[in-house]
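S.K.: Structure in structure tokens, see below.
The values are calculated or read from the model by the stated rules, or taken from the named source; none is laboratory data. Bear in mind that the values here come from a model prediction, so they are computed numbers and not experimental data. Cβ sites come from the backbone with ideal geometry, for glycine too, and all protein chains shown count toward neighbours. Remember, those area values only see protein heavy atoms, side chains included, never the ligands or the DNA or RNA. Shrake-Rupley method; radii C 1.70, N 1.55, O 1.52, S 1.80 Å.
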Amino acid sequence: KRLMNFTKGMPASLLPLELPSGAATVSIQLLVGPDLCDSMCAALCNGIRHFHLVVDGDNIPAGNNSLVLLEGRLRAMQVGKALHNLKAHGLHYLHSGIFFTLVTPSSLVGCFEEMHKAIVESGYNLDCWSMNVRGSNKAKLMNGWKVMLQAKRSKHVSKLGLWGSGKGLQDAIAIANTIEKVGVVTQDAAAGQAYDVGLAYAQSIQSHGVAVEFVNMYKPDHSFLKDETVKKVAWELGISPAMLAVKWAEAKKATAVVPFVCRDDSREAESNTRRVLEGSSFMSIHRTYVRDYHQAPPAEHCATALESALPQQLSAIPDPKQAKHAG
């Protein structure tokens, strides 16, 4: 209540991007790799403070523990270097307000200790740890979930989640819930769909206190952002297609986990780029994204406009027993 009273008189450009539940409205999806710092800097200057650090482990042979350990150390070094470079750009003072979710495949849950150390010892907050369950069998899922629970019980992280899509994700949630309830679910969602099985499932678990996040809303090739109907709706609302997807997710009470897409006409972004090219390492905090978000129409209005314009796909109603079991 005190926080709400404090923020009442603040300019819109300074208000945080958070849902009524306190969860982030927007979190930027960053692939852990050599270019991590560049994307993070751009998002921070735009006012975004929540990030999903996604570790890709598709190329690691199963059962090679030595390679897993080396891979974990490499990814932790990349994260540590990126966070260190924020200081060179004059952005390190934001550290107490920046929150990370770590996303690892089941094959790389063993790298958590190194990643946790890289983030926390740099002064940043590791808020949640999610396991990407795509391609995981029951044994990998159970073993991975037990490792994650130990990290939570040791107070290294406060929230645990699962990341995936479709029936595979739902089955994984049901299995994990037999040990301890999943707190955060990140699932694929097609922005603009008024109803499908995935959305119905999301609503069912939200009613049981599970935080829901939507990922891949732009589709793998970003075709959503290029769709002429989507662009027309966005133009009529005075926002970008990327912001339209975020507002649609907000209307569904879900956090939008999206790649960062700079606004084409952002003078502040151009100024930052020019500043770095001219040799000045310090970047300005212009909060363009946050300002655009607060100036956009209400989430429900944006969602209705988008859903009315796009063709809707009819899907079968999910099994109520399955939804109840998931909660």
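S.K.: Using θ = phi - 60° and the Karplus form 6.51 cos²θ - 1.76 cosθ + 1.60, what ³J(HN,Hα) does each residue of region 28-43 get, whole Hz, x for Gly and Pro?
M.R.: 8, 7, 10, 7, 5, x, x, 9, 4, 5, 4, 5, 5, 4, 4, 5
S.K.: Then there's this: Starting from a Cα-only point model with no solvent, please compute log10 I(q)/I(0) by Debye for region 100-255 at q = 0.12, 0.21 1/Å.
M.R.: Relative scattering, expressed as log10 I(q)/I(0), comes to -0.57, -1.27.
S.K.: Considering the options Leu86, Phe112, Gly97, tell which one lies farthest towards the positive end of the dipole of region 64-128, charges being +1 on Lys and Arg and -1 on Asp and Glu at the Cβ, about the Cα centre.
M.R.: Leu86
S.K.: Name the long-range amide H neighbours of Ser130: under 5 Å, sequence gap of 5 or more, or other chain; modelled H, no Pro or chain starts.
M.R.: When sequence neighbours closer than 5 places are left aside, the close amide H contacts are Leu102, Val103, Thr104, Gly161.
S.K.: Order the following by accessible area, largest value first: Glu213, Glu228. Probe radius 1.4 Å; ligands, DNA and RNA are ignored.
M.R.: Highest to lowest solvent-accessible surface, that is Glu228, Glu213.
S.K.: Same structure again: If DNA, RNA and ligands are ignored and the probe is 1.4 Å, what is the ranking of His116, His156 by accessible area, most exposed first?
M.R.: Putting His116, His156 in descending order of accessible area: His156, His116.
S.K.: Roughly how many Å² of Asp127 are accessible to a 1.4 Å probe, to the nearest 10?
M.R.: 40
S.K.: Calculate one ³J(HN,Hα) per residue across region 234-249 by plugging θ = phi - 60° into the Karplus curve 6.51 cos²θ - 1.76 cosθ + 1.60, and present them in order as whole Hz with x for glycine and proline.
M.R.: Rounded to whole hertz, the list is 4, 5, 5, 8, x, 9, 8, x, 5, 5, 4, 5, 5, 5, 5, 5.
S.K.: How far apart, in nm, are the 7 Å Cα→Cβ label points at Ser223 and Phe99?
M.R.: Going from the Ser223 label point to the Phe99 one covers 3.4 nm.
S.K.: Which value, in debye to the nearest 20, gives the size of the charge dipole of region 110-165 about its Cα centre, when Lys and Arg are +1 and Asp and Glu are -1 at the Cβ?
M.R.: 340
S.K.: May I pose another question? Can you flag which of Lys181/Lys247; Lys117/Lys138; Lys155/Lys252; Lys219/Lys252 are past 24 Å Cα-Cα?
M.R.: Listed pairs above 24 Å: Lys181/Lys247; Lys117/Lys138; Lys155/Lys252.
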